[in-house]
Structures are given as structure tokens and as C-alpha cells.
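We did not get these values from a lab; they are worked out from the coordinates using the rules stated. Keep in mind that this is a model prediction, so the values were computed, not measured. Here Cβ is always computed from backbone atoms with ideal geometry, including for glycine, and neighbour counts include all displayed protein chains.
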Amino acid sequence: MDFAGQTVIVIGGTSGINRGIAEAFAASGAKLAVASRSQEKVDDTLTALKEAGAAEVVGAAFDVRDPEAVAEGLRQFHEALGDFDVLVSGAAGNFPALTSEMSVNAFKTVVDIDLMGTVHVMKGAYPYLKRPGASIINISAPQAFLPYEGQAHVCAAKAGVDQITRTLSMEWGVEGIRVNSVVPGFIEGTEGARRLAPTENAHEEIKQDVPLGRWGTTQDVANACLFLCSDWASYISGTVLSVDGALYQRGSGKFGQMMGQMLRAQAKEDPK
Ligand code: NAP
Ligand code: COA
């Protein structure tokens with residue numbers, strides 16, 4: 001894949017899956033911009049992106065829950081790197097919690113980051129997208145279509161993200177902009193995985209539940225993003241592409257209940 005000279009923006013691109021995506025675009029010669037809340041993580045990522053081969057790099061620290069800060073950050077990225085060929089929106093927050101046990105603000109926090117954050121990123125980037133030709137990827141999750149106990153907040157937010165993908169593929173498709181979602185399955189060594197499968201037992205159960213018999217890698221997800229943003233995918237828009245080793249085909253499986261059982265046992269041991 002050759003993205004030499006192209007401008008690639010990765011929001012939430014300073015760790016885990018999203019950083020893997022940014023590094024893959026950097027290795028294919030793109031100009032990169034990344035953002036997240038921590039300036040330290042941004043700076044560290046920019047160094048890694050240069051080492052990976054990025055033509056130019058810029059970064060900014062902002063919170064996707066703040067629409068003005070997002071719009072200003074994206075304006076600065078445009079000033080530095082020109083029109084956006086690729087936009088990846090992947091900032092997210094997650095923690096396991098039963099709905100009966102979490103505060104309204106806890107639920108809202110995840111909706112504000114994952115769903116409203118996506119809205120802020122889409123709207124902030126809109127003026128700067130290359131027309132025709134820009135490709136947007138929203139990073140979704142299996143929770144968008146598989147119910148998992150302890151994840152109602154994430155299920156609601158990521159389902160919304162996929163519906164934004166589908167709707168904008170129509171609204172913005174007429175301007176030559178493609179919009180797709182990528183759904184990582186369980187990805188080894190990431191913060192999301194650490195939060196949802198904290199024990200060796202959970203790690204092993206998930207491996208057994210995935211038809212391909214292994215956890216995914218950040219490179220697996222990055223490969224799908226490179227493909228979707230390349231000319232090979234120039235007629236693909238409005239899709240939700242799972243990169244999950246066929247996890248979805250088995251439904252929520254054991255994992256759908258595992259987190260609920262774990263949280264209920266914890267609540268019994270430690271009643272408030
Ligand atoms: P991660 O390393 O925690 O990545 C999240 C990124 O978003 C970080 O760069 C974080 O940086 C940034 N971020 C978080 N809250 C933010 C906010 N309010 N404003 C701006 N930036 C924010 O997690 P990950 O596990 O790699 O997950 C990455 C994406 O993949 C997420 O969209 C997640 O839902 C999705 N996903 C992950 C898995 C998995 O197995 N890990 C599975 C399915 C889907 P700061 O802390 O500096 O803000
Ligand atoms: N269980 C229940 N509620 C929780 C919780 C948990 N494990 N963690 C946080 N909350 C609640 C807080 O109590 C608070 O609610 P309250 O005001 O009613 O007390 C609310 O959620 C917001 O928490 P806060 O810590 O103030 O939010 P934040 O904006 O600083 O951080 C999070 C956002 C909570 C999502 C944090 O985990 C985060 O920054 N995550 C980013 C990384 C990540 O989640 N990566 C995985 C991606 S898949």
C-alpha cells in the first residue's frame with residue numbers, strides 16, 4: 001500500500017489499536033496527524049511515527065468531548081498538512097459495569113466519548129475532507145451488535161457510531177467521501193482487552209471462543225484500514241467490517257455473560 005503524500009488524521013491515535021493504524025499509514029509514507037488528551041502520549045507517538053517513515057507529523061492534545069477544541073485541533077491539522085485523504089476516528093472509553101451499579105454520569109461518560117466524540121470529529125473534519133476521494137473510518141466494536149452484560153453503555157454508544165457511518169455514507173457519499181466502520185475483535189495487548197479480560201482465564205476462554213483460535217493483533221486491524229482507504233476499496237462505503245476472526249458468527253457466546261457473572265460476584269463479595 002502506498003499512501004505517500006496523503007494526509008492521514010487519527011483521532012485517539014496515541015495508543016493501542018489506533019496507534020497501530022497510525023504507524024501502518026506512517027510506514028506507507030503518509031503525512032500523519034494524531035490527537036488524544038495526553039500531550040505526553042501525543043509527543044511519544046509523533047517520535048514513533050517519524051521513525052516508522054511518516055513524511056510529516058503533527059499532533060495536538062484535546063478531549064473529543066469538547067466540540068470547539070476538536071474543531072480547532074482539526075483546523076490546525078489542515079493548516080499544517082492540507083486536505084484530509086483519510087480520517088480515522090477511534091477515541092473511546094470503556095469499563096465493565098452493570099447498569100444497575102453505575103451512575104448516570106458513568107453511562108453518559110462513555111456515550112459522550114464514543115458517540116458524541118465521533119459526532120464532534122465528523123463535524124470538525126467535514127470542511128477539510130478531500131472531495132472527491134476522502135475515506136473515513138470509524139472504529140467501532142462488537143458491542144455495536146452483540147449484547148455483552150456489563151457493557152450496556154458501550155453497546156449503546158458503538159451502535160450509534162455504526163449508524164453514523166451508514167448515514168454519512170449517504171449524506172457525504174454524494175460529495176465523493178467514503179465512510180466505513182472497522183470493528184476490531186479481541187485485540188492482544190491493548191487497554192480495551194486488559195479492561196474486559198483482566199484474568200488469564202478470561203484471556204484463554206476468549207481464545208477458545210474465536211473460530212480462528214487466536215486473539216487479533218493491531219496489525220490485523222491496521223491492514224483492514226489500509227485496504228479500506230486504498231483505491232482497491234474505492235466502491236466500498238457504508239460497510240461495517242469486522243476484523244474479529246469470525247467471533248461475531250458465534251454471537252455473544254460465553255463472553256456475553258462472563259463479565260456479568262464476574263461483576264455480580266464482585267458486588268456480592270463487596271456490597272456497598
Ligand atoms: P486505548 O489504547 O485506550 O486507545 C484509546 C485512545 O483514545 C487513546 O489514544 C486515548 O488517549 C484516546 N482517548 C480516550 N479518551 C479520549 C478522549 N476523551 N478524547 C480524546 N482522546 C481520547 O484503547 P484500545 O483498546 O486500543 O481501543 C482503541 C479503539 O478500538 C477504541 O475505539 C475501542 O472501542 C476499539 N476496540 C478495541 C478493542 C480491543 O480489543 N482493544 C476491541 C473492539 C474495539 P488519551 O488517554 O491520551 O486520551
Ligand atoms: N465502574 C463504574 N463507574 C465508573 C468506572 C467503573 N469502572 N470508571 C469510571 N466510572 C464513572 C465515575 O465514577 C464517574 O461517574 P460519577 O461522576 O457518577 O462518579 C464517571 O464514570 C466518569 O469517570 P471519570 O473518571 O471522571 O471520567 P474521565 O473522563 O476521567 O475518564 C473513563 C473516562 C472513565 C472512560 C476512563 O476510563 C478513560 O479515560 N478511558 C480511556 C481509555 C479506555 O477506556 N480504553 C479502552 C478503550 S476500549
Practice item. For the stretch 1-109, evaluate the Debye formula with one uniform point scatterer on each Cα (no solvent term) and list log10 I(q)/I(0) at q = 0.15, 0.20, 0.24 Å⁻¹, rounded to two decimals. Key: -0.61, -0.94, -1.27
Review point. Can you give the alpha-carbon Rg of the stretch 7-269 over 2.2 N^0.38 Å, where N counts its residues?
Key: 0.98
Practice item. Grab the beta carbon distance between residue 257 and residue 38, set R0 = 25 Å, and tell me the FRET efficiency rounded to 0.05. Key: 0.15
Check your understanding: For residue 104 and residue 266 in one chain, what is 0.36 nm times their gap in residues minus the Cα-Cα distance, to one decimal in nm?
Key -> 56.3 nm
Point to revise | Extension reserve of the residue 47-residue 223 stretch, reckoned as 0.36 nm per residue once the Cα distance is removed | key: 61.2 nm
**Study point:** Subset of 50/108; 41/158; 41/108; 123/254 violating a 28 Å alpha-carbon distance limit
**Key:** 50/108; 123/254
Study note, to complete from the structure: Once residue 232 and residue 63 are pulled to full extension, the length gained, defined as 0.36 nm per residue separation minus their Cα-Cα distance, is 57.5 nm
Exercise for review: Within 10 Å of each residue's Cβ, count the other Cβ atoms and sort 31, 108 from fewest upward.
Suggested key: 108, 31
